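Notes to accompany the following structure.
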Amino acid sequence: MHLLLGFLIALVVGLTGIGGGSFTVPALLLIIGLPAGEAVGTAFVFAGVLRLIAAPFYLVDRHVHGRYFRLLLTGAVPGLVCGIVALRILAGVGNSPAIIISLGIVLALTSSVTFLPRIQNHGFAVRNARWLPWLAFPIGLESGFSSAGAGALGTVLLLNYSEMSAPQVVGTDILFGLVLAVIGSAAHWSVGTISTPILLQLLGGGVPGVIVGCLLARKVPAQKLRVVVAAVALLAGLQLVWSGVRALAAHRVPAMAKLDAQVSGAFRP
């Protein structure tokens with residue numbers, strides 16, 4: 001199961017440049033049952049390795065815009081640190097339903113961006129490059145909290161507000177996501193929130209999956225595939241929200257019963 005999950009997620013990343021965190025975190029939480037902190041940390045390392053393998057395919061073809069790449073990192077790295085800190089604070093209370101709901105909402109919102117009406121302004125980045133770090137800050141913030149966002153939000157930003165071609169957008173965003181994944185992986189590794197056995201099994205299927213995806217990228221209509229990927233990721237995010245709400249309700253019932261018993265006992269003669 002882990003090998004198959006790794007292969008399918010990596011195949012999508014290789015084809016479209018998105019889906020690493022959006023798929024991996026729900027899979028680790030809902031299917032494998034990892035705690036939230038470990039799920040995000042493991043997803044960071046997994047996505048980082050996938051992007052490390054995919055990046056040379058785009059670097060060789062010079063599909064990376066150096067200036068935009070640097071500007072995005074200037075804003076995203078501080079946001080990434082803030083997001084990781086926020087996750088650590090919430091995850092410190094354990095695998096609570098609140099953090100599951102929060103992750104589900106973040107992932108669902110990220111995925112839904114694909115379905116919003118596009119307002120294209122391809123000259124925006126050329127005329128207003130100084131704004132790119134500020135626009136990248138929330139992308140880094142979301143990536144730090146959920147390990148998702150660098151692919152979906154970064155692609156939407158560059159595709160609609162820069163003059164780059166689609167291959168350049170994907171290449172720049174993959175390298176951008178790679179740097180965020182390396183920093184995020186180091187942060188999670190330092191505090192031990194990574195499940196090494198699960199990670200190795202995911203990579204066993206993921207390494208061949210991302211290579212196959214990159215080789216097929218030129219033959220598959222990536223834009224149509226992104227819509228399908230976003231729809232599945234949106235459903236996964238909503239499933240996380242639903243699971244968190246059910247767990248929260250289940251926790252409240254025993255708590256209320258205990259409180260009623262205590263109140264009843266206090267009034268007994």
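Details
- Per-region count, the range 64-86, residues among the basic types (Lys, Arg) and touching a residue at least 40 places away in the same chain (Cβ under 8 Å): 1
- Candidate set: the range 147-173, residues that are buried (at least 24 other Cβ atoms within 10 Å of the Cβ) and small (Gly, Ala, Ser); chosen: the one nearest to residue 55 (Cα to Cα): 171
- Among residues of the range 69-93, those that are buried (at least 24 other Cβ atoms within 10 Å of the Cβ) and at pLDDT below 85, counted: 1
- Entry remark, the range 12-42: residues being in contact (Cβ under 8 Å) with a residue 12 or more places away in the chain, farther than 20 Å from residue 110 by Cα and open to solvent by 40 Å² or more (accessible area, probe 1.4 Å) number 4 in total.
- Subset tally (residues that are crowded, with 19+ Cβ neighbours inside 10 Å and over 19 Å from the mean Cα position of the chain (by Cα)) for the range 174-204: 0
The values are calculated or read from the model by the stated rules, or taken from the named source; none is laboratory data. Here the structure is a predicted model, which is why all the values come from computation and not from measurement. Ideal geometry is used to build each Cβ from the backbone, glycine not excepted, and the neighbour counts take in all protein chains shown. Ligands, DNA and RNA are stripped out before the accessible areas are found, and what is left, the full protein with its side chains, is counted by its heavy atoms. Shrake-Rupley method; radii C 1.70, N 1.55, O 1.52, S 1.80 Å.
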